[in-house]
1. Quick one: grab the alpha carbon gyration tensor of the protein assembly as shown, order the square roots of its eigenvalues as a ≥ b ≥ c, and give me rounded if a/c is under 1.5, else prolate or oblate depending on whether a/b is larger than b/c.
2. Determine the total buried accessible area between chain B and chain A, counting protein heavy atoms only with a 1.4 Å probe; round to the nearest 100 Å².
3. For region A:51-160, what does the convex hull of the Cα positions come to per residue, in cubic angstrom?
4. Angle between the Cα long axis of helix A:121-137 and the longest principal axis of chain A, 0 to 90 degrees, nearest 10?
5. For chain B, find the longest principal axis of its Cα atoms and tell me its angle to the long axis of helix B:147-160, 0 to 90°, nearest 10.
6. Roughly how tilted is helix A:6-26, in degrees to the nearest 10 and between 0 and 90, from the longest Cα axis of chain A?
7. Can you give me the relative contact order of chain A as a percent, contacts being Cα pairs under 8 Å and 6 or more apart?
8. Scale the Cα Rg of chain A by the rule-of-thumb value 2.2 N^0.38 Å and send over the ratio, two decimals.
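The values are calculated or read from the model by the stated rules, or taken from the named source; none is laboratory data. The model shown is predicted, which means the values in this text are computed figures rather than measured ones. Using ideal geometry, Cβ is built from the backbone for each residue, glycine included, and neighbour counts are taken over all protein chains shown. In case anyone asks, the SASA skips ligands and DNA or RNA and just uses the protein heavy atoms, side chains included. Shrake-Rupley method; radii C 1.70, N 1.55, O 1.52, S 1.80 Å.
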2 protein chains.
Amino acid sequence: MPAQRADARRNYARILAVAEEEVATHGADASLEQIARTAGVGSATVRRHFPTRHALLEAVFRGRIETLATRARELAESDDVRAALLDWLGALTVYSATVQGLATALLRDGELDPEHANPCVNPLAEAGEPLLRRAERAGAVAPGVTPVDLVTLIAGIALATQHHPDPAAEATRLLHLTVAGISPRA
Amino acid sequence: MPAQRADARRNYARILAVAEEEVATHGADASLEQIARTAGVGSATVRRHFPTRHALLEAVFRGRIETLATRARELAESDDVRAALLDWLGALTVYSATVQGLATALLRDGELDPEHANPCVNPLAEAGEPLLRRAERAGAVAPGVTPVDLVTLIAGIALATQHHPDPAAEATRLLHLTVAGISPRA
DNA sequence: TACGATACGGAGGGCCCCGCCACTTAGCAA
DNA sequence: TTGCTAAGTGGCGGGGCCCTCCGTATCGTA
């Protein structure tokens, strides 16, 4: 018993492919109707496959998020714990600042459902946790920092720099400030 | 030669008053039509007085921004340069995280006109500059930090925490992390 | 091949932003 | 006070988006 009909799977793939391009150019506010039109399906079909805008964004960014999670796992075996953490944070920052709509998806995540199911933030937070824990044990990170804090801060930086001429560079610069501290105690 | 007719001034004031409430409850995405309806004017009148959404937001937040600028000038005479800066950053954070739409207005600011005229960020940046300079000279702040950086970072934090149960508290917590540094060098 | 469940998409309602344009009214002058 | 003129107004229509409903086409199977 195929859980899904063949045409449904086809449409899902078409919509997702179009959505990726559309979100890449127009960000998280891309028109769902425009996506439907370009994909050659009715707008109801888009809604059927992706009940909410966030569901669509989640699907669009799943790959990117997985890539970042994998990178975190690789870096978890690096020798320099601090450099490993910073490396990952830098990658996360560049992704967030470069990929249109990703930061929005991260922040709007779990906006309504208070329980679990933050499909964007959670994988990243879980992937980053070992990295953070290790750095914490080595005294390379301030106490009281959670993985979600890191993702939130970086998403905020990305959102704040998205209208800058060079978002990635500016976001990276602000990340460095945040890492080093604006006004660390001497 | 009255630059403006009496009824125009009246409508301007009515619209602004309604807009303040509406933005306070619905944030930066408040419906301009709803504002017009509540104010008892046509939507065209709203557009005439405030050609863009940002122009309206700017007017709505002008008072708040002025208050923050005044606070900065007061703190500029404080003895403890570091505490003065942090105090102001804290106030800026609480405002940005509490006042619906303020952070958005700060970030969307100067989005289109590349030249001067960032009517929200500029006054804040100029007000904060002496505070920052003083702290810099005293070695209490990392080099390479600009006033705009501070406003941008804080606005980003506010945006990132706006869906949190207690935005002001969460934003303040993240500000402290940013000030102290995520991973300051030992 | 015929049937039933699944999936589709067009139509319609509601809301919004935007621009146009005929009308009203405030403020000045006679 | 009265009349004139331009500043100011707001209703209307166009276009777009989101969302829902429901009749219809298609798939997979018996």
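1. Working: a/c = 2.29, a/b = 1.06, b/c = 2.17.
In terms of gyration-tensor shape, oblate.
2. Working: alone 10820 and 10820 Å², together 18790 Å².
Separately minus together, B and A give about 2900 Å² buried.
3. Roughly 96 Å³ of hull volume per residue.
4. The two axes meet at around 10 degrees.
5. For B:147-160 against chain B, the angle is about 70 degrees.
6. 50
7. Working: 182 pairs, mean separation 40.6, N = 186.
Once normalised by length, the contact order is 22 percent.
8. Details: Rg = 18.4 Å, N = 186, 2.2 N^0.38 = 16.0 Å.
Ratio of Rg to 2.2 N^0.38 Å for chain A: 1.15.
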